[in-house]
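The next block holds one structure in the form of structure tokens; read it before the comments.
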Amino acid sequence: MTATETHRVIDAVWRIESARLIAGLARIVRDIGVAEELAQDALVAALEQWPESGVPRIPGAWLMAVARHRAIDHLRRNKRIDYKHQELGRELAARQEEAVADLETAIDDDIGDDLLRLIFTACHPVLPAEARIALTLRLIGGLTTDEIARAFLVPEPTAAQRIVRAKRTLADKRVPFEVPRGDELSARLSSVLEVIYLIFNEGYSATAGDDWMRPALCEDALRLGRILAELAQQEPEVHGLVALMEIQASRSRARVGPSGEPVLLLEQNRALWDQLLIRRGLAALERAEKLGGARGPYVLQAAVAACHARARTAEETDWPRIAALYDELAQLKPSPIVELNRAVAVGMAFGPQAGLDLVEALTTEPLLQTYHLLPSVRGDLLAKVGRVDEARAEFRRAAALTRNSRERDLLLRRAAECGPL
């Protein structure tokens, strides 16, 4: 195996093993930043040694063994420092002594629990949303800082600062490396699911730039969701989110035209929808519903996606059921975005004027004043009721608000289809 091939293998192994490696180390050293540094040390050792010695039979175990020895050295070094600073107290010294003694067995404990702890820690609400996303992609997704920066169209130093500040905040706030219990679990779980879905949505409909989609981000979010579903099997909302992402991802090939232009849902060639992803999504939705209890927002959104997935043609879509699901979602988690989606469903189920009446009530909503999909939806409904001049103006306003060039072109084309001024 050439050096180039070995480096390719190391990169693949790192992508697979890094999250588990960091998770196992973080539980021992109780500091995500230190755990990541120790894991990176193991990676550097692999880069130095594997081209000469060859790739080990079990690469992940090799990395863990190296990182474990580095962790032991770290703990012992800190213990010596603590002895020199008696003001830190005997309790801390005893705790570190115990950590060194237990390291051999602790590192081999259930890795699933460690991954779950890592996910909950990286997505802790003490961090702003953009920091949670960056840290999650770095620690669990295995992305480099450069990849994260390119994915979200920010300079690499900005992405790096978010990651560094996130790790520092977790350390300064002494956020425990644990899965929360009781009432705190549901609140923290919503943060985890929000982060994963934000990553997916940025890949599914890019906020800015020249690409309508960023498939790699969708794949990262799906991988994170599937991991979480295996680790939290009794949580319906986790399966609901996975179902939603699987079904939405099934449309990826049909959402982009030959020149990269967006293709709207009702105009898509459904023969291009990925039936394997649809089956996976429907199975995840079934798992969520079998767990019982009140349906949460992700389960409800997955049920909406399932209505589209089950329709062989756009005309067969069960819009009254979708409208009813949005009614339920609006009661459970009211928001202007949900109301806008409900208006679309009502317009499809009961006529464009019914949908337009709901949209008109949203035009003064402060949170939607710069949201390009409000004038886009209003323009569509106005066109359907024959108010083409107003529709054209709304499509143009939507085009001015979006930061995605592909979407801007689509909206300007729709404005042109309303006829000349």
On the basis of being open to solvent by less than 50 Å² (accessible area, probe 1.4 Å) and either within 30 Å of ASN404 (Cα to Cα) or at pLDDT 85 or above (or both), does THR169 make the cut?
yes
So, in the range 186-214, exactly how many residues are modelled with pLDDT under 80 and under 15 Å from GLY296 (Cβ atoms)?
2
Cβ-Cβ distance below 7 Å, separation of 6 or more or different chains: which pairs start in the range 11-33 with a residue that is open to solvent by less than 40 Å² (accessible area, probe 1.4 Å) and end on one that is of a type in the set (S, T, N, Q)?
ILE32/THR121
Across the range 403-421, which residue is surrounded by the most Cβ atoms within 10 Å (Cβ to Cβ) among those that are acidic (Asp, Glu) and more than 14 Å from ALA391 (Cα to Cα)?
GLU407
Evaluate the range 345-357: report whether one residue or more is more than 19 Å from LEU266 (Cβ to Cβ), at pLDDT 95 or above and in a helix (DSSP H, G or I).
yes
What are the pairs with Cβ atoms under 8 angstrom where one residue, in the range 268-279, is open to solvent by 80 Å² or more (accessible area, probe 1.4 Å) and the other, located anywhere, is outside any loop (DSSP other than H, G, I, E, B)? Sequence gap at least six, or different chains.
ASN269/ALA254
Residue identified as surrounded by 16 or more Cβ atoms within 10 Å (Cβ to Cβ), within 13 Å of HIS124 (Cα to Cα) and in contact with a helix residue (DSSP H, G or I) (Cβ under 6 Å, 6 or more places away or on another chain) among LEU193, LEU228, LEU224
LEU193
Conditions (1) part of a helix (DSSP H, G or I); (2) touching a residue at least 12 places away in the same chain (Cβ under 8 Å); (3) of a type in the set (Gly, Ala, Ser): number failed by ALA149:
(2)
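Quick one: in the range 222-233, of everything that is more than 17 Å from ALA131 (Cβ to Cβ) and of a type in the set (A, V, I, L, M, F, W, C), which residue is modelled with the lowest pLDDT? Explain how you work it out, then say what you get.
Within the range 222-233, the subset more than 17 Å from ALA131 (Cβ to Cβ) is 222-223, 225-233.
Those still in the list that are of a type in the set (A, V, I, L, M, F, W, C) too: 222, 227-229, 231-232.
Working: LEU222: 93, ILE227: 89, LEU228: 90, ALA229: 92, LEU231: 83, ALA232: 87.
Result: LEU231.
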Among the residues of the range 310-328 satisfying the criterion of being part of a helix (DSSP H, G or I) and basic (Lys, Arg), which is least open to solvent (accessible area, probe 1.4 Å)?
ARG321
Scan the range 233-288 for residues that are touching a Gly at 6+ places or on another chain (Cβ under 9 Å) and of a type in the set (Asp, Glu) and jot them down.
GLU237, GLU246
List the number of the failed condition for PHE177; all other conditions in (1) open to solvent by less than 40 Å² (accessible area, probe 1.4 Å); (2) assigned to a helix (DSSP H, G or I); (3) of a type outside the set (Gly, Ala, Ser) hold.
(2)
Given the conditions (1) open to solvent by 50 Å² or more (accessible area, probe 1.4 Å); (2) within 30 Å of GLN275 (Cα to Cα); (3) part of a helix (DSSP H, G or I), which single one is not true for GLU390?
(2)
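When you go through VAL377, VAL344 one by one, which is the residue that is among the β-branched types (Val, Ile, Thr) and open to solvent by 30 Å² or more (accessible area, probe 1.4 Å)? Write out each step before concluding.
Details: VAL377 fails: open to solvent by 30 Å² or more (accessible area, probe 1.4 Å).
Step by step, each of VAL377, VAL344 is checked, and only VAL344 is among the β-branched types (Val, Ile, Thr) and open to solvent by 30 Å² or more (accessible area, probe 1.4 Å).
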Filter the range 1-10 down to residues that are among the hydrophobic types (A, V, I, L, M, F, W, C) and assigned to a helix (DSSP H, G or I) and give me whichever is surrounded by the most Cβ atoms within 10 Å (Cβ to Cβ).
ILE10
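State whether the residues of the range 20-37 include one that is of a type outside the set (Asp, Glu) and over 20 Å from VAL175 (Cα atoms). Break it down into steps so the answer makes sense when it comes.
If we filter the range 20-37 for residues that are of a type outside the set (Asp, Glu), which is where we start, we get 20-30, 32-35.
If we keep only those that are over 20 Å from VAL175 (Cα atoms) as well, we get none.
Checking the range 20-37: not a single residue is of a type outside the set (Asp, Glu) and over 20 Å from VAL175 (Cα atoms).
Filter the range 177-198 for residues that are touching a Ser or Thr at 6+ places or on another chain (Cβ under 7 Å) and under 26 Å from ARG251 (Cα atoms) and give the result. Break it down stepwise before answering.
As a first pass, look at the range 177-198 and keep what is touching a Ser or Thr at 6+ places or on another chain (Cβ under 7 Å): 177, 195.
Listed by number, the list holds a single entry, VAL195.
What's the total number of residues in the range 41-61 that are open to solvent by less than 60 Å² (accessible area, probe 1.4 Å) and either in contact (Cβ under 8 Å) with a residue 40 or more places away in the chain or of a type in the set (Phe, Trp, Tyr) (or both)? Break it down into steps so the answer makes sense when it comes.
Initially, the range 41-61 is screened for residues open to solvent by less than 60 Å² (accessible area, probe 1.4 Å), giving 42-43, 45-46, 50-51, 54-56, 59-61.
Subset that is either in contact (Cβ under 8 Å) with a residue 40 or more places away in the chain or of a type in the set (Phe, Trp, Tyr) (or both): 50-51, 54-55, 59-60.
The number of residues fulfilling the criteria is 6.
Can you report the number of residues in the range 193-216 which are of a type in the set (A, V, I, L, M) and touching a Lys or Arg at 6+ places or on another chain (Cβ under 7 Å)? Show your work before the answer.
Residues of the range 193-216 that are of a type in the set (A, V, I, L, M), as a first pass: 193, 195-196, 198-199, 206, 208, 213, 216.
Subset that is touching a Lys or Arg at 6+ places or on another chain (Cβ under 7 Å): 195, 206, 208, 213.
Summing the residues that are of a type in the set (A, V, I, L, M) and touching a Lys or Arg at 6+ places or on another chain (Cβ under 7 Å) in the range 193-216 gives 4.
The values are calculated or read from the model by the stated rules, or taken from the named source; none is laboratory data. Just so you know, these numbers come straight off a predicted model, no measurement behind them. Note that each Cβ is placed from the backbone with ideal geometry, even for glycine, and that neighbours are counted across all protein chains shown. Accessible surface areas use protein heavy atoms only, side chains included; no ligands, DNA or RNA. Shrake-Rupley method; radii C 1.70, N 1.55, O 1.52, S 1.80 Å.
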